[in-house]
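Comments concern the structure below.
The values are calculated or read from the model by the stated rules, or taken from the named source; none is laboratory data. Remember, it's a predicted structure, so these values are computed and weren't measured experimentally. All Cβ positions, even for glycine, are placed from backbone atoms using ideal geometry, and neighbour counts span all protein chains on display. What goes into the accessible areas is simple: the full protein's heavy atoms, side chains included, and nothing from ligands, DNA or RNA. Shrake-Rupley method; radii C 1.70, N 1.55, O 1.52, S 1.80 Å.
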Amino acid sequence: MIPKKLIEHIKSAKTPLYFYNMQLLSQTLEQLKTASSKYGYHIHYALKANFNSKILKEISRIGLGADCVSGNEIEKALENGFPAEKIVFAGVGKTNDEILLALKNNIQAFNCESYQEIIIINDLAKKTGRKAKIYLRLNPDIIADTHKNITTGKAENKFGLQPSETEKFLQNRDNLKNIEVEGLHFHVGSQISDMNVFKNLCFKVNKLQNDFYKKGLNIKNLNMGGGLGVDYLNPKENAIPDFQKYFDTFHNHLNLKANQQVHFELGRSIVAQMGTLFSKVLYIKEGFQNPFVIIDASMTDLLRPALYEAFHKIENLSNTNRPKIKSIYDVAGPVCESSDVFARNISLGDTRRGDIIAIYSTGAYGQVMSSSYNLRPAASTLYSDEYLF
Ligand code: LLP
């Protein structure tokens, strides 16, 4: 339920506007902490989901580590209170400068994605007189029940070491003196709600790590990645994901060796529901099937519907006092692209120019994926602990 006072505020505020519910973030973090500490699991927040500094400070304050995929993300994490020894660095295309930055800051580990990358990290570590701690990111070839653009753990995806590359590394590892293998890393995809996917991942990991032990590699850590989905259909009813069910799945199915530590890299499940994109209706326009509601937000503010046909719940907050009518609309933005559509065939009630529209669950992969296409201005930002003043 959006408070009346907030709706009043938005009436005169510049839209589109990203609103962040900081109380919900705190509650989410509390539940995450309770659920993960039951098993002593380590959580690294995936900055890519939302790198807003105010949000990052809150997440680092609670003691989470960071999962970064660029040198800039590493710097941002450090600036916002994440200690270097809790930062991990993934990505298939780490540049020399980024590797050097990570080495200089002595981060926890590199999640390595190719044999050639390992060679380069070893060389740069040698040149700078350091030892780089690495995880081998393995491609477990798992089918994640999610959109094809956000599945990462299938054999044909670009992520992780193919078995042939892992083999090359194992054969040459004695020559790579500036590398220390800290563990194995996996990430099978994002927005996964079926726990069977994670259960299957556990089975794969149990087998894979046994193979490594047989080859004489001691695995101190397992990083199981992120991927826990959120409820985009019912954001109010399910504002906080079921972290306990998620961690229980790993606890029940992962065969751990003595003293082995388990890490996760959650992004979406921590920040998605805290964000709402507010927009105003510019025009109601006749369409071929349904009328179009043209709003002042577009794919440059929220790319997910255009890129993944993602569903976000949308409501009109201005028509509560109007007679209830069944009206079906398509909701679109102003950008010159046919894919700049937020939803089709949705019931919004009587909708008019100037009405306030809420697009829910936009805290993750929302504002951070925005662009200036069509030279559109950036959306403004408002936090729940600020609008009352
Ligand atoms: N770790 C790695 C190595 C990843 O690639 C990702 C996400 C995560 C962790 C965090 O996953 P999460 O817990 O957020 O599911 N832009 C897309 C999602 C891309 C996810 C990329 N990798 C979307 O809007 O759905």
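Can you name every residue in the stretch 60-78 that is touching a Gly at 6+ places or on another chain (Cβ under 9 Å), closer than 21 Å to residue 160 by Cα and either not in a loop (DSSP other than H, G, I, E, B) or not small (Gly, Ala, Ser) (or both)?
Of everything in the stretch 60-78, those that are touching a Gly at 6+ places or on another chain (Cβ under 9 Å), closer than 21 Å to residue 160 by Cα and either not in a loop (DSSP other than H, G, I, E, B) or not small (Gly, Ala, Ser) (or both) turn out to be 67, 68, 69.
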On the given criteria, is residue 47 hydrophobic (A, V, I, L, M, F, W, C) and farther than 30 Å from residue 100 by Cβ? no
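Yes/no per residue for (1) among the basic types (Lys, Arg); (2) not in a strand (DSSP E or B):
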position: 334; (1), (2): no, yes
position: 344; (1), (2): yes, no
position: 351; (1), (2): no, yes
position: 358; (1), (2): no, no
position: 361; (1), (2): no, yes
position: 365; (1), (2): no, yes
position: 368; (1), (2): no, yes
position: 381; (1), (2): no, no
position: 385; (1), (2): no, yes
Considering 324, 236, which residue is in the same structural domain as residue 89 (by TED's automatic domain parsing), touching a residue at least 24 places away in the same chain (Cβ under 8 Å) and among the charged types (D, E, K, R)? 236
Based on what the data block shows, is residue 251 out of contact with any strand residue (DSSP E or B) (no Cβ under 6 Å at 6 or more places or on another chain) and either over 28 Å from residue 333 (Cβ atoms) or within 13 Å of the ligand (Cβ to nearest atom) (or both)? yes
Among the residues of the stretch 158-169, what is the count of those that are open to solvent by 30 Å² or more (accessible area, probe 1.4 Å) and closer than 21 Å to residue 207 by Cα? 7
On the given criteria, is residue 244 open to solvent by 10 Å² or more (accessible area, probe 1.4 Å), farther than 30 Å from residue 170 by Cβ and not assigned by TED's automatic domain parsing to the domain that holds residue 332? yes
Residue pairs meeting the criteria (Cβ under 8 Å; at least 6 apart or on separate chains; first modelled with pLDDT under 95, in the stretch 371-389; second of a type in the set (Lys, Arg)): 387/5; 388/5
Counting only residues in the stretch 261-296 that are closer than 25 Å to residue 190 by Cα and of a type in the set (A, V, I, L, M), the one surrounded by the fewest Cβ atoms within 10 Å (Cβ to Cβ) is identified as 262
How many of the residues making up the stretch 268-289 are within 16 Å of the ligand (Cβ to nearest atom) and among the hydrophobic types (A, V, I, L, M, F, W, C)? 5
Checking the conditions here, which among 238, 252 is in a helix (DSSP H, G or I) and open to solvent by 20 Å² or more (accessible area, probe 1.4 Å)? 252
Matching entry among 78, 47, 56, 64 (being in the same structural domain as residue 240 (by TED's automatic domain parsing), touching a Lys or Arg at 6+ places or on another chain (Cβ under 9 Å) and open to solvent by 10 Å² or more (accessible area, probe 1.4 Å)): 64
In the stretch 1-28, residues that are touching a Lys or Arg at 6+ places or on another chain (Cβ under 9 Å) and in a helix (DSSP H, G or I) total 3
Single match in 218, 210 (criterion: in a helix (DSSP H, G or I), more than 16 Å from the ligand (Cβ to nearest atom) and either open to solvent by 70 Å² or more (accessible area, probe 1.4 Å) or more than 30 Å from residue 364 (Cα to Cα) (or both)): 210
Residue within the stretch 375-387 that is more than 17 Å from residue 20 (Cβ to Cβ) and buried (at least 19 other Cβ atoms within 10 Å of the Cβ) present: yes
